[in-house]
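In what follows, a single structure is set out as structure tokens and then discussed.
The values are calculated or read from the model by the stated rules, or taken from the named source; none is laboratory data. Since we're looking at a predicted model, the values are computed, not measured. Glycine gets a Cβ as well: all are built from the backbone with ideal geometry, and neighbour counts include every protein chain shown. Ligands, DNA and RNA are stripped out before the accessible areas are found, and what is left, the full protein with its side chains, is counted by its heavy atoms. Shrake-Rupley method; radii C 1.70, N 1.55, O 1.52, S 1.80 Å.
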Amino acid sequence: MNYDVIVVGGGHAGIEACLSCARLNHKILLVTGNIENIADMPCNPSIGGPAKGIVVREIDALGGEMAKNTDKSSLQMKMLNTKKGPAVRALRAQADKVLYKEEMLKTLQNQDNLDIKEGLVKELIIEDKKVTGVILETEEQIKSKAVILTTGTYLKGAILVGSTKKEGGPHGEKASNYLSPFLEKLGFNIIRLKTGTPPRIEKSSVDFSKMTIENGSDEDLTFSYDNTTALASTHKIPCHLIYTNEKTHNIIKGHLNESSMYGGYVEGVGPRYCPSIEDKVVRFSDKERHQLFLEPESLSYDDMYLQGFSTSMPYYVQEEMVHSLSGLENAKITKYAYAIEYDAIDSKQIKPTLETKLIENLYTAGQINGTSGYEEAAGQGLLAGINASLKLEGKEPLILKRNESYIGVLIDDLVTKGVKDPYRLLTSRAEYRLLLRDDNADLRLREYGHNVGLISDEIYNKFLLKKEKIEELTNLLKETKITPKKEINEKLKKMNTSPLKDGVTLYEFLKRPEITLNNLEEFINLDYDDDIKKEVEINIKYEGYIKKSMEEAEKMLALEDKNLPLDINYDAIPNIASEAKEKLKEIRPLTLGQASRISGVNPADISILSVYLKKKGE
Amino acid sequence: MFNDTITAISTKLGNSAISIIRVSGKDSISLVNSIFRGKDLTKVDSHTINYGYIKDGKEDIDEVLVSIMKSPRTYTKEDIVEINCHGGVSPTLKIFELLQEKGARKAEPGEFTKRAFLNGRIDLTEAEAVMDMINSKTDRSRKEALSGIEGNLRKYITTFRNKLKYILANIEVNIDYPEYYDIEEITKEDIKKVIEELEIDLKELIKKSEERQIIKNGIKTVIIGRPNVGKSSILNTLLKEDKAIVTDIEGTTRDIVEGSIIFDGIELSLIDTAGIRETDNIVEKIGVEKSLSLIDDANLIIVVLNGNEKLTENDIYILDKVKDKNPIIVLNKNDLEQKIDLKDYKFKHIVSTNTKEINGIDSLKEEIKKMFKLNEIEEDDYTYLTNDRQLFYAKKALNNLNDAKTSFNNDEPIDIIEIDLKSVFENLGNITGENYSEELLDELFANFCVGK
């Protein structure tokens, strides 16, 4: 049997890659080590959060699955940063790990054009620098037109606990030991990364009375823009907050040399933003305590996830550490914490389409590209699937720009800057974050989703209606004027705002900091959906700032329109600084804009490059 | 093709009859229109010359002729506007600065030519010349980035940036890790403090640097006084030529006359003014108003009084206008009996002169030297912005600070205020050539304990 696309790995990247290709009517095979681990969440039981939550919304806008599946399996939903501005609000769900897997597996099994097969991929079939299939460890060969690698932490995965190091993936699964050496032979630079996970605690052994309850938001919130609220879970299960103490810190300091990290057993580079608890104690020795969250993993089993306590200490030290915590004195550890090392490729060797530069029709997404996080993986998987499909169909690729999505920021960072430690999305990585909001992911991306073919006409028409309504309400506010009449100024007094001296449109009036759109009900009919009102309100209240961001973005886009040929001979261009030349040769940016973001490439080099291009074009 | 609009003074800066300021780019017409009083330039035909005034807010700066040339039949193939203004250094620079304030970027040497080439207007042989020029520019800016700014200025700017960096990283960590309760949530008071401190420091740096620029570009000197106290005689003695019309009839010097002298290696641009007094004569009234407006613009104000007379109402009127501007008071006609009495005023610089004797105004010259410390100019303070590019970014940073202050006063959320603070940080980085995004992340993870 010949497939259009083979996806290697059934994690969050692999799932989105499979579903997008299959939904675009390509014949797909998913090869996974163990069907039971499809859509597994091997680490934290939550999805979303700042930046990441917006990625989930973007995935939904483009026609991916993560948002809907999270809605179906959430244990609590929380809107974060509600006291800050609109640009940084983000949704986060605690997800039921079991339900999440079950629901996702159902979706995959019900999907046409998609076969699932258990197995480990050993090598790729390469013909003339083009991938044409995979070879399993059983020597079985399966042919396809394209391959998407979403191997997670399985490439030469090794689990570290104390001084022991064992080959394997997250659940003691078999590691994939042949694929990364094979990739290295093809010319990929292999890097070694590390991550870790905290211990799991048996719920019945916890004394919750000593802990602070952390609830989610009261309203029923969903990630998906589609009307799936009926399917969405309405659970509101709390998390709990506790702190480490002096005793905990002393135990850690006393056993420091026994941890994999400090004992010198780790070769991989760990993420800066996810230090283990021993790292925190050492690097921030002046802090008396560190906060931890106890989070439910599922309603179907008893494990709680101890967020903030990831470690690579031996088991007996972990026991001591956990028991030093208030409320966990008698806690039973159901799964010990561990660190995991794995191989990844140098993300500078892939194109913004996520196709590798070395091998045609070979795509990579997720941890193999050096990222961490379910959401980052899913976003890349979706784009890899979309671009593999578009290429099979002979269409232009979909490359999201930095001013239109966090997924665009993520992929651009990966292919332009590369990674040194596992890459996590942060709002601070987005220079136009006021444009990349939680509320407007559909306005930014639905059009693309529909053009690609992942958004149905029905959903698209609903979206168009929403857009119309937004415009209608905006125009209504622009056209309605209030004047300094006595009765109007009396109304204003009740709103605690100063009286009018001249007539003013409601559009301008709404810009007063103390006035909300709902206040305007006094003057006009506000019979609109909440999301429409929210959108209009944000656009008006922050108009000046949004405009500024858009102007900045336009400057960037001007350079983005200028393509650089992939076969450009940088050595033949006189006067480019040698450091810039090396970087340009390594990364081979697709546009002048991308070139300008490479560190070590100066504005002067960009001018010379543009002059050269022009000259060549003549 | 290019997104920004550039501007340059195309004629030699000096005392020619007219100067030409050229603007090229997609916004050039609307940009000039925004400071133009006359026809709506966005609606006039291409290749037309339009009469009117360049204004700064409500105030006219100069009477001008504006040529509108629309793309593509222009030198750069972009929309081009040329402003023909009066040839004095002052109006030319003022208009040039105003264009930059409105968003035009000061063109790099040869940039019009570069655009002409890139937009396909000039051919390859010409382009080779452009390449040479770009190269020299590159080398220079590279050297500058490596060595030029190192030292005092870099240290000074870095202190600013570090203050900001900590605040920014703290704001970012509050956003990206909202539930870390032990990390102090930055308050608006913290931000306010930093904004205020920075504003003072940055204003001081800009002021100091502009003083250096003044010395480099010439001290703009205004001579004022009521009619017939001898202003023009003093000017002419300085210039040693009859440029101003000197008569004994009150109010005959109606035009503002410029001349310049080189003074211990420093250029003094002298501007004579119409006499200031209350008048019903419309022509003269315009002159008087213009004289008063020049006071705000000047680097040095010389007030001429007649020592032989008691203070008149007009003198008092003038002295009131300048008393906070640190002028040099010249008591002229000291060859005659001195009847003047200044004991109600506290001026620091008072000299006594006459234009009848050969060295009659030496005391004035000495006072100017003293005032601008011309004798000690080679001092070793390099903590100032040495070129227009640096000054441009410093002013931009100051604008960003003001925007941040406005957002602050409007009670916007912290992450909205941060947008402008980030721009301050970025523009300060542009002065020293530092890239910001990675730096901020490093700061974030180095200073705040977050993670799973």
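Looking only at segment A:1-26, how many residues end up being closer than 13 Å to A:Ile142 by Cα and open to solvent by 20 Å² or more (accessible area, probe 1.4 Å)?
Matching residues across segment A:1-26 total 4.
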Kindly establish whether A:Glu58 is under 30 Å from A:Gly544 (Cβ atoms), of a type outside the set (A, V, I, L, M, F, W, C), open to solvent by less than 40 Å² (accessible area, probe 1.4 Å) and in a helix (DSSP H, G or I). yes
Test: A:Thr107 is touching a Phe, Trp or Tyr at 6+ places or on another chain (Cβ under 7 Å), open to solvent by less than 50 Å² (accessible area, probe 1.4 Å), not hydrophobic (A, V, I, L, M, F, W, C) and not in a strand (DSSP E or B): no
Confirm whether A:Lys420 is open to solvent by 20 Å² or more (accessible area, probe 1.4 Å) and part of a helix (DSSP H, G or I). no
Please indicate, with yes or no, whether at least one residue in segment A:63-78 is in contact with a Leu (Cβ under 6 Å, 6 or more places away or on another chain) and surrounded by fewer than 24 Cβ atoms within 10 Å (Cβ to Cβ). yes
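Is it fair to say A:Glu288 is within 14 Å of chain B (Cβ to nearest Cβ), at pLDDT 90 or above and farther than 28 Å from A:Gly370 by Cα?
yes
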State yes or no: is B:Ile350 within 30 Å of the chain's Cα centre (by Cα), surrounded by fewer than 18 Cβ atoms within 10 Å (Cβ to Cβ), outside any loop (DSSP other than H, G, I, E, B) and not hydroxyl-bearing (Ser, Thr, Tyr)? yes
Within segment A:81-104, restricting attention to residues that are within 12 Å of chain B (Cβ to nearest Cβ) and of a type in the set (D, E, K, R), which residue is surrounded by the most Cβ atoms within 10 Å (Cβ to Cβ)? A:Arg92
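One line per residue, one yes/no per condition, for (1) at pLDDT below 95; (2) away from every other protein chain (no Cβ under 14 Å); (3) open to solvent by 20 Å² or more (accessible area, probe 1.4 Å); (4) out of contact with any helix residue (DSSP H, G or I) (no Cβ under 9 Å at 6 or more places or on another chain):
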residue	(1), (2), (3), (4)
A:Leu443	no, yes, yes, no
A:Asn451	no, yes, yes, yes
A:Asp457	no, yes, yes, no
A:Leu465	no, yes, yes, yes
A:Lys469	no, yes, yes, no
A:Thr474	no, yes, yes, no
A:Leu477	no, yes, no, no
A:Asp346 meets each of (1) in contact with a helix residue (DSSP H, G or I) (Cβ under 7 Å, 6 or more places away or on another chain); (2) surrounded by fewer than 24 Cβ atoms within 10 Å (Cβ to Cβ) with one exception, condition (1)
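Checking the conditions here, which among A:Glu320, A:Glu329 is over 29 Å from A:Asp96 (Cβ atoms) and open to solvent by 30 Å² or more (accessible area, probe 1.4 Å)?
On the way: A:Glu329 fails: over 29 Å from A:Asp96 (Cβ atoms).
Criteria check complete, one pass: A:Glu320.
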Take the residues of segment A:22-50 that are polar (S, T, N, Q) and farther than 13 Å from A:Gly11 by Cβ: which is farthest from the chain's Cα centre (by Cα)? A:Asn25
Name the pairs: first residue in segment A:552-565 and over 25 Å from B:Ser423 (Cα atoms), second residue assigned to a loop (DSSP other than H, G, I, E, B), Cβ to Cβ under 7 Å, at least 6 apart or on different chains? A:Asn563/A:Leu590; A:Leu564/A:Pro589; A:Leu564/A:Leu590
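Sort out which residues of segment A:138-181 are outside any strand (DSSP E or B), open to solvent by 30 Å² or more (accessible area, probe 1.4 Å) and under 17 Å from A:Glu123 (Cα atoms), and write them in order of number.
A:Thr138, A:Glu139, A:Glu140, A:Tyr154, A:Lys156, A:Lys174, A:Asn177, A:Tyr178, A:Pro181, listed by residue number.
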Just to be sure before I move on: is A:Pro314 more than 14 Å from chain B (Cβ to nearest Cβ), in contact with a Gly (Cβ under 6 Å, 6 or more places away or on another chain) and modelled with pLDDT of 90 or more in the structure I sent? yes
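Conditions tested, residue by residue: (1) open to solvent by 10 Å² or more (accessible area, probe 1.4 Å); (2) in the same structural domain as B:Lys343 (by TED's automatic domain parsing); (3) closer than 24 Å to B:Lys207 by Cα.
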| site | (1), (2), (3) |
| --- | --- |
| B:Glu289 | yes, yes, no |
| B:Asp296 | yes, yes, yes |
| B:Ile301 | no, yes, yes |
| B:Asn306 | no, yes, no |
| B:Glu309 | yes, yes, no |
| B:Asp315 | no, yes, no |
| B:Val322 | no, yes, yes |
Wholly inside segment A:536-618, helices (runs of 4 or more DSSP H) that include 1 or more residues that are of a type in the set (A, V, I, L, M) and within 8 Å of another protein chain (Cβ to nearest Cβ) are A:543-560, A:603-617
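Just checking, which of A:Lys78, A:Lys122 is out of contact with any helix residue (DSSP H, G or I) (no Cβ under 6 Å at 6 or more places or on another chain), in a strand (DSSP E or B), of a type outside the set (A, V, I, L, M, F, W, C) and within 14 Å of chain B (Cβ to nearest Cβ)?
A:Lys78
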Scan segment B:353-367 residue by residue and report those that are over 18 Å from B:Ile224 (Cβ atoms) and surrounded by 14 or more Cβ atoms within 10 Å (Cβ to Cβ). B:Asn354, B:Gly360, B:Ser363, B:Lys365
Pairs needed: first member in segment B:155-167, surrounded by 15 or more Cβ atoms within 10 Å (Cβ to Cβ); second member anywhere, not in a helix (DSSP H, G or I); C-beta distance under 7 Å; at least 6 residues apart or different chains. B:Tyr156/B:Thr383; B:Ile167/B:Ile186
Could you list, in sequence order, the residues of segment A:1-52 that are assigned to a helix (DSSP H, G or I) and of a type in the set (S, T, N, Q)? A:Ser20, A:Asn37
Considering B:Lys26, B:Lys55, which residue is in a loop (DSSP other than H, G, I, E, B) and charged (D, E, K, R)? B:Lys26
Give the number of residues within segment A:81-104 that are assigned to a helix (DSSP H, G or I) and of a type in the set (S, T, N, Q). 0
Return the total of residues in segment A:37-65 being closer than 26 Å to B:Asn174 by Cβ and touching a strand residue (DSSP E or B) at 6+ places or on another chain (Cβ under 9 Å). 15
Taking segment A:291-307 and the residues there that are surrounded by fewer than 22 Cβ atoms within 10 Å (Cβ to Cβ) and not in a strand (DSSP E or B), the one that is nearest to the other protein chains (Cβ to nearest Cβ) would be A:Ser298
Given the structure, is B:Thr76 in a loop (DSSP other than H, G, I, E, B) and open to solvent by less than 10 Å² (accessible area, probe 1.4 Å)? yes
